Structures are given as C-alpha cells and as structure tokens.
C-alpha cells in the first residue's frame, strides 16, 4: 500500500468542499459481492449442475424454457444481490469517510448497497437501474414496480427450480411479462424516480462549479466510461480547484492533462478505505 498516496488522498478529502463519488462494479466486488465462486455455488448449485453455468451473471442471460424457471433463478439472484447486506463493510467505511461532507453518488451499480449502508437516498443516482424494480417488458408505460415482497415469496415457495405459476409477474396494464429495470437496451424505463435523481445530480454539480471538489472514482472499469470516468476527467480539467482520485484493482490512471491534480491507486478499495479511516 502506497502510504504517500494514502496521505495525499486523505489531505485532498479533508480540504474538499464537496465529494462526488463515482462507483462501478469494482466497489461491490471489494465488498464481497462476488458473482462467481463459493457465493454463486452456495445459492445456485442446482442450476450449476443442470446448466453448467460458470457464474451468476452469465446465467442471467440463459433462455429458460418457462417463466417459472426463469423467475426461480432470478428471484435468488435479486434476493442475495439486492436485499441481503454485502459480506464486507466497505460501503459503511466509505460513508464514515464522506458522511460529514457535501457529497453525491453517481453509480452504475444496481445492487443498492449505498442505501443499505445508510447513504442519503436523495444523494444517490443509480443510472443503470435497480435489481429491486420491475417494469413492463415492452414497455407500455414509464413506471416501475417494487419487487421485494414477490421475490421473497418466490425464494421461499419455489420447488424443483420453479416458482409457482401464480407468482409469475406480469404488467398490470397490458398483461405482458415484466422484466428487470436494468439498462440493457432501449426498453429501459427511466421512471419518475430516475428523472428526479438525475435532476438532483445535475443541480449538485451546478452548485459546486469553481469550488474545491474531489471526484472520487471507485471500481469503474472500461465497459461504460462515458457515464463516470470521462465526465470526471472532463470536470476535473475544467475546474482548476478540483481533484480526481481513482482507486481500482489494475485500472487506476489519469490523463496527462490532469495528472498533477490526480491521485490514482492500484489496489483493493476496501483496504484503501480502511487506511484512510
């Protein structure tokens, strides 16, 4: 662990007027939200045996022959990733570091770990959806639906890798099957909650113009750099008082134009946060 960089990041955090957190999948991975290995094997042993899935994520794309089997798989997927707490306290440690600051969170994660850790829901913008929401698969209208109660029943009542047919969810307007509210294609529903969060984020950024801002990027890879990484680089470049910080395993770098105002650390996010605390 580079102690000089730890000290520098701690100083930048202390001096910042505001912190903008950009979080990707690496943050949840650091918190123990693994989609393969023992955690996957524990909850999906029967599906692994039948279909030879290598990980939870790829199994989510399998074309199951019935909706009853599809929702048996997905209800477990939702339950452990959305409604159970992550195995490690990484998100709570992050809140300890930024909780007294004027902060906002922009994330491509859909597991709601920020809110479960106690972050203010009015300071969160989940750009890519939420495991806890369903939408019409067409969609015929721009509304989403909370799924916790039904998912809880699906997990409890499923047998032989199938949920009871009565629990298969359909759109209350048109009767089509529902789908996850996850941004996979142009059917993704940006509901009222999504639009309000987008507006709050834009207003937060407007208020911070010209101030000492720390853009703290955590676990963001190269799949969707246009959502967090590139905007963070651009906003740091445009604001001479801003700092860009990046903590990521194997992917921590900044462009030359902002390198002097950047702190990049290649390592486990949870370990770095512990050091900062």
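For region 42-94 versus region 144-190, the inter-centroid distance based on Cα atoms is 14 Å.
How do the peptides 161-174, 73-86 rank, highest first, by the average count of neighbouring beta carbon atoms within 10 Å per residue? Working shown, then result.
Working: 161-174: 15.4, 73-86: 19.9.
Going by the mean number of other Cβ atoms within 10 Å, highest first, we get 73-86, 161-174.
Averaged over residues, the count of other Cβ atoms within 10 Å places the peptides 107-116, 93-102 in the sequence 107-116, 93-102, highest first. Here r is the Cβ-Cβ distance between residue 146 and residue 277 and R0 is 51 Å; the resulting FRET efficiency, rounded to 0.05, is 0.90.
Measuring r between the beta carbons of residue 10 and residue 49 and using R0 = 45 Å, the FRET efficiency lands at 0.40. From its DSSP helices (H runs of at least four residues, each -39,500 (n - 2.57)), the chain gives a residue-normalised ellipticity at 222 nm of -11000 deg cm²/dmol. Gyration tensor analysis over the Cα atoms of region 83-127 returns equivalent ellipsoid semi-axes of 16, 14, 8 Å (largest first, whole Å). Convex hull volume of the C-alpha atoms in region 1-57, normalised per residue: 104 Å³. Measure nothing fancy, just the Cα-based angle from helix 38-51's long axis to the longest principal axis of the chain, in degrees from 0 to 90, nearest 10. On a 0 to 90 degree scale, this one is about 40. Of the options (1) 18.5; (2) 22.1; (3) 20.0, only one is Kirkwood radius over Cα pairs in Å as computed from these coordinates, and that is (3).
At 0.36 nm per residue, and after removing the present C-alpha to C-alpha distance, how many nm does the segment from residue 198 to residue 230 gain when stretched out fully?
Numbers: separation 32, 0.36 × 32 = 11.52 nm, distance 1.74 nm.
Stretched out fully, the residue 198 to residue 230 stretch lengthens by 9.8 nm.
For the peptides 267-274, 151-158, the ranking by mean Cβ contacts within 10 Å, running from highest to lowest, is 267-274, 151-158. Note on residue 241 and residue 165: with the Förster distance fixed at 45 Å, the Cβ-Cβ geometry gives a FRET efficiency of about 0.15.
For the residues 120, 186, 266, a GNM of the chain with alpha-carbon springs under 10 Å puts the largest fluctuation on 186. Angle of helix 67-78 to the longest C-alpha principal axis of the chain, folded into 0 to 90 degrees and rounded to 10: 30°.
Give the angle, between 0 and 90 degrees and rounded to the nearest 10, that separates the Cα long axis of helix 3-15 from the longest principal axis of the Cα atoms of the chain. The two axes meet at around 90 degrees.
Among 206, 123, 92, the largest mean-square fluctuation in a Gaussian network model of the chain, built with springs joining Cα atoms closer than 10 Å, belongs to 206.
Readers should treat all values here as calculations from the given coordinates under stated rules, not as data from a laboratory. What you see is a predicted model, and the numbers here were worked out from it, not measured in a lab. A quick note on method: Cβ atoms are made from the backbone with ideal geometry, for glycine too, and the neighbour counts reach across all protein chains shown.
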